[in-house]
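*Asks:* Structure below; questions to follow.
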Amino acid sequence: MKNSDKYPKRAGPGVISSLALVTALALAGCNTSDPGVTVDLSGQERMVEVNTVVLEDYQVAIYYRREDGDYDGWGLHLWNGEGCGDYAGATLSSPHFGQWQDPYPYTGISDDYGAYYVLDYLPDSGDCLNFIVHKGNDKALGDNNASFDLSQPSRHAFTFHGQSKVLYEAGATISVTLTGAAAHWVDKDTLAWTPGVNFASVELYASDTAGISLDESSKQISGGQGYLLSPVATFSQSVYDKFPLLSEFFGWQLPSDADVRGLLKGQLIAVAKNDAGEVVAMTQVQIPGVLDDVYTGGENDADEQALGLSFDNGIAFALWAPTAQSVKLQLFDENFQVLGGTPVPMTEDENGIWRHTGGGAAEQYYYRYEVTAYHPVSNQIETMVVTDPYSLSLSTNSLYSQVVDLSSDYSQPDGWNGHGVPAIAAPEDIIIYEAHVRDFSAFEQNLSDENARGKYAAFTEDASDGINHLKKLKAAGMNHFHLLPVFDIATVNENADELVDLQSTVSHLCSMNSGARICSSDVDQSQTVAQVLASYSPETDEAQALVNEIRSLDSFNWGYDPFHYTVPEGSYAKNPQGVSRIKEFREMVMALHELGYRVVMDVVYNHTNASGLNERSVLDKVVPGYYHRLDPLSGNVQMSTCCDNTATEHKMMAKLMTDSLVIWARDYRIDGF
């Protein structure tokens, strides 16, 4: 992080009240060595001449401005297609074209507008050209891809670090708006943010009603309480180590009397102002760093506490939600009827953990939490009903968490505690067979129980083809059985009556998807989907079309879309409701152990199926903005894994992962991960 005292105050005419162009225009009138043409900035505080590079026919120039003036390593990723036109000439033939690891270098540097890139394009090639300004994996304009709009009369585009908008008029201004989440509260004393405009001061505004707004005419903030921040001269090495992506950010110190815990329970906006006290930039604040510092930085604090359910002194509930303004416990009986007296207000302790004991809860009853907290996705105070991220059992389709003691007799099959686990002499003796629970028996022809097809129960068969195969493999030396993901997944319907698979009839398909093309055809609806597929010619697209129409309804899923990390998936259970799935999973593990296999489980803690206010979001409703890895400028959840990345570098996400692994190893006798 940079010392914000070193921020360069720029000479020039008065500051223009804009979010992005203010710094470039503050230099207007300075000389430049670039060949160029003059552009009249009509309507600004002062008419000046600025310089843009001279272009030939079928060329564009993209300008990229950084306040620190350091353009080393920053280049363009360029590509053709995806609805846009084509680059051509020297641009297309450049060895840098399309090479993410070796981006297209700048043509020159303008005093007025920063680094510029002159690019050739094909005549009549569409309305846009693709580009991303980046250095390594750091994107200068935010997460989304950018494009040059060829329908604009100008062939000059102006971009500014940290701002996603592409401008086409040198004298244009942008209204100040709340942009991204580019400020980072890294510890209880320190904020990191480089506003990206010419500014004189930085303040942190906080509101427990999410009432912060900007008066566009006066350029003043209304609502909330502002805290003037002081420049930070140095940072500890631990801060640099924890936040390497913020090494170029300016640092700011909060007032010593700021109520940090109280501020974290509301809307937080970082605001930059000019010498006249007008707002020139504002952004949301990312808070994982300060949450870790305040709630996990000491001894015996949040990351040393037990979360979820405990049964030592009655039934106790514990949920870490330090940004919540309130948490209530919703309780339901075994038929999902609301218990009298609920929701029950919970009490927050000094570690940000909301607790409640008793309240009419009983084992095998169901529960959910009602969390009221500020959410950065909506920029509002939200009341969110959510299952427990530490759930041990769930209802069908994970609508409710269930109160279950995994050490109880009702959750264990006969012989569970006494069954043996095969031993190996050394790790190098491990020989692994990998399989998917559903696929293992989906087409099995010799099941004693047809209801076991595709289920955990298929592993408890005595003489099925699958089990006989495993016996032969064991005799040949195989000793570990690796299960593809078996935790609760998000996108398979656990209600078997609502699934459409290959053995389902066309009639059933049409009852679930009446718009399917096959439903209006003359196909015999008593046929199975498999029979219809077999009748299609491979030279047509009919089979593909039919498969596409059952894709969202079938049970085919490898399981890499976590919903709840520490509960067995319900679609693999004959009965997905509540504790039954736990017993069936344990029966599978015990059966594999008795066959001589140690059991390994595939885990996927690096992402979730959803975040934000999505119906399948859990972690991001409990502590919004904490459990997921966010883009450092936009604040959007990063998705490099495929889906919503989790941030295991944050203490409480790491704790959740570790606690979950302990439960699988201790309570489910899983031998490896």
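*Asks:* So for the chain: antiparallel DSSP bridges make up what percent, rounded to the nearest 5?
*Replies:* 85
*Asks:* Okay, next question. Can you give me the relative contact order of region 405-501 as a percent, contacts being Cα pairs under 8 Å and 6 or more apart?
*Replies:* Taking the mean separation of contacting Cα pairs over the length of region 405-501, I get 30 percent.
*Asks:* Provide the per-residue ³J(HN,Hα) series for region 324-340, in order, calculated from phi with Karplus coefficients 6.51, -1.76, 1.60 and θ = phi - 60°, each as a whole number of Hz, with x at glycine and proline positions.
*Replies:* 6, 7, 7, 9, 10, 9, 8, 10, 9, 7, 5, 9, 6, 8, 5, 6, x
*Asks:* Continuing with this model, one more query. Between region 395-447 and region 597-627, how far is it from one alpha carbon centroid to the other, in angstrom?
*Replies:* Comparing the Cα centres of region 395-447 and region 597-627, I get a distance of 21 Å.
*Asks:* Using helices alone, I'd like the mean residue ellipticity at 222 nm for the chain: each DSSP H run of four-plus residues gives -39500 (n - 2.57), total over residue count, nearest 500.
*Replies:* -4000 deg cm²/dmol
*Asks:* Would you mind working out the accessible area per residue for the chain, using a 1.4 Å probe, and quoting it in Å²?
*Replies:* Counting only protein heavy atoms, the per-residue value for the chain is 42 Å².
*Asks:* Right, something else. Over the chain, what relative contact order in percent results from Cα pairs under 8 Å that are six or more residues apart?
*Replies:* 11
*Asks:* Where the only charges are on Cβ atoms (+1 Lys, Arg; -1 Asp, Glu), what is the dipole of region 403-557 about its Cα centre, to the nearest 20 debye?
*Replies:* That gives a dipole near 300 debye.
*Asks:* Can you give me the Cα centroid spacing of region 347-385 and region 154-218 in angstrom?
*Replies:* Region 347-385 and region 154-218 have Cα centres spaced 33 Å from each other.
*Asks:* With axes computed from alpha carbons, what is the tilt in degrees of helix 465-475 against the longest principal axis of the chain, rounded to the nearest 10 within 0 to 90?
*Replies:* Once rounded, one gets 90 degrees.
*Asks:* In whole Å and largest first, what semi-axes does the C-alpha gyration tensor of region 527-673 yield when each eigenvalue is scaled by 5 and square-rooted?
*Replies:* 32, 26, 13
*Asks:* Around F250, which amide H atoms from residues at least 5 apart in sequence, or from another chain, sit under 5 Å from its own amide H, with H modelled in the peptide plane?
*Replies:* For F250, the qualifying residues are K2, W193, T194.
*Asks:* While we're on this one: Place +1 on the Cβ of every Lys and Arg and -1 on the Cβ of every Asp and Glu in region 316-417, take the dipole about the Cα centre, and give the residue among P389, G352, N379 whose Cα lies farthest towards its positive end.
*Replies:* N379
*Asks:* Run through every distinct alpha carbon pair of region 216-360 and return the Kirkwood hydrodynamic radius in angstroms, one decimal place.
*Replies:* 18.8
*Asks:* Expressed as a fraction of 2.2 N^0.38 Å, the rule-of-thumb size for a compact globular protein of N residues, what is the C-alpha radius of gyration of region 419-534?
*Replies:* Taking the Cα Rg and dividing by 2.2 N^0.38 Å, one obtains 1.41.
*Asks:* Taking only the alpha carbons of region 54-145, what extent do you get along each of the three principal axes, in Å, biggest first?
*Replies:* 38, 29, 23
*Asks:* From the P(r) of region 81-214, can you give the percent of Cα pairs sitting at distances over 27 Å?
*Replies:* 33
*Asks:* Compare the peptides 420-433, 623-636 by average per-residue count of other Cβ atoms within 10 angstrom and give them in order, highest first.
*Replies:* With the highest mean Cβ count within 10 Å placed first, the list reads 623-636, 420-433.
*Asks:* Accessible area of the chain with a 1.4 Å probe: how many percent of it is carbon plus sulfur?
*Replies:* Answer for the chain is 47 percent, counting heavy atoms of protein chains only.
*Asks:* Here's another thing I want to ask about it. Could you name the aspartates and glutamates whose alpha carbon sits less than 13 Å from that of K651, not counting residues in the same chain fewer than 8 places away?
*Replies:* Partners within reach: D292, D293, D301, D303, E304, D659.
*Asks:* What size of dipole, in debye to the nearest 20, comes out for the chain about its Cα centre when the only charges are +1 on Lys and Arg C-beta atoms and -1 on Asp and Glu C-beta atoms?
*Replies:* 820
*Asks:* Okay, moving on. Provide the net charge surrounding P343, with neighbours chosen by a C-beta distance below 10 Å and charges set as Lys +1, Arg +1, Asp -1, Glu -1.
*Replies:* +1
*Asks:* Volume per residue, Å³, of the convex hull around the alpha-carbon atoms of the chain?
*Replies:* In the chain, the Cα hull volume divided by residue count equals 217 Å³.
*Asks:* Would you work out the charge dipole size for region 504-619 about its Cα centre, treating the Cβ of every Lys and Arg as +1 and the Cβ of every Asp and Glu as -1, and quote it to the nearest 20 debye?
*Replies:* 560
*Asks:* Further, regarding this structure: Counting only C-alpha contacts under 8 Å and six or more residues apart, can you give the relative contact order of region 529-618 as a whole percent?
*Replies:* 23
*Asks:* Provide the packing ranking of 109-118, 226-235, i.e. peptides ordered by the mean count of other C-beta atoms within 10 Å per residue, highest first.
*Replies:* The peptides rank, most packed first, as 109-118, 226-235.
*Asks:* On to the next question. Report the percentage of all Cα-Cα pairs in region 214-255 whose separation exceeds 11 Å, rounded to a whole percent.
*Replies:* Value for region 214-255: 74 percent of Cα pairs lie more than 11 Å apart.
*Asks:* For region 429-575, what is the percent of antiparallel DSSP beta bridges, rounded to the nearest 5?
*Replies:* Approximately 50 percent, going by the DSSP bridge assignments.
*Asks:* Let me ask something else about it. Highest mean first, how do 438-448, 483-493 rank when packing is the count of other Cβ atoms within 10 Å averaged over residues?
*Replies:* Order by mean packing, descending: 483-493, 438-448.
*Asks:* Further, regarding this structure: Please figure out what share of the DSSP beta bridges in region 55-158 is antiparallel and state it in percent, rounded to the nearest 5.
*Replies:* 85
*Asks:* Would you work out which of H508, N493, S526 lies farthest towards the positive end of the dipole of region 453-528? Charges go on Cβ: Lys and Arg +1, Asp and Glu -1.
*Replies:* The residue sitting most towards the positive pole is N493.
*Asks:* Once Lys and Arg get +1 and Asp and Glu get -1 on their Cβ, which of H593, P576, P538 lies farthest toward the positive end of the dipole of region 532-607?
*Replies:* Value computed over the given set: H593.
The values are calculated or read from the model by the stated rules, or taken from the named source; none is laboratory data. Keep in mind that what you see is a predicted model, and the values were worked out from it rather than measured. Note: ideal-geometry Cβ built from the backbone for every residue, glycine included; neighbour counts use all protein chains shown. When the accessible area is computed, the model is the full protein with side chains, heavy atoms only, and any ligands, DNA or RNA have been set aside. Shrake-Rupley method; radii C 1.70, N 1.55, O 1.52, S 1.80 Å.
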